[in-house]
Amino acid sequence: MSVLPVLNRVLERQVALDFPHPGLPEGQLALLRLVEERAGITVREAAEVLLMKPNNVSALVTQLTDQGLLERRQDAGDKRVAHLHPTPLAASRLAEARAIKTAHLTRLLATLTDGEQDALGSALGALNSLVRHLHPAG
């Protein structure tokens, strides 16, 4: 069994149960999180990071813009390029979801022994290194 995907799904399910707002499809949520992390990113850049086609990201941008969660700002030098920014509503909801997830994760980590927590900390460093090697743009 792949432990990390299962852990993530369990945590996401807990967040969904506790989150008082309508949930977003996975693709929209991934894009919104990326735009929050890299405000001003373009559709093409987002597509590269998310390993998606630009036209699919563009469709997600339209959906999130229609929901009031994303803003497109035209590039001053090239009117064909739009820079993506989260709206205050999006930032607030992402922060709320993060707080819920952090609370659940903190509660779960408290059930581990000190040795298990140390081992987990060491493993996370190695996993981060692997991700950087596999997907340097991420």
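Every number in this text was worked out from the coordinates using simple rules, so none of it is lab data. Because the structure is predicted, anything quoted here is derived from the model rather than measured. Because the Cβ atoms are built from the backbone with ideal geometry, glycine has one as well, and the counts that use them run over all protein chains shown.
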Quick check: the distance between the Cα centres of segment 1-27 and segment 64-112, to the nearest angstrom? 16 Å
Given the -39500 (n - 2.57) contribution per DSSP H run of 4+ residues, what per-residue ellipticity at 222 nm results for the chain, rounded to the nearest 500 deg cm²/dmol? -22000 deg cm²/dmol
Quick one: net charge of Leu94's neighbours, Cβ under 11 Å, K/R +1, D/E -1? +1
Cα extents of segment 82-128 per principal axis, largest first, Å, are 47, 24, 7
Range of Cα positions in the chain per principal axis (Å), largest first: 56, 37, 25
Given an 8 Å cut-off on Cα distances and at least 6 residues of separation, report the relative contact order of the chain as a percent. 25 percent
Peptide ranges 116-123, 28-35 listed from the most packed, as the mean C-beta count within 10 angstrom indicates: 28-35, 116-123
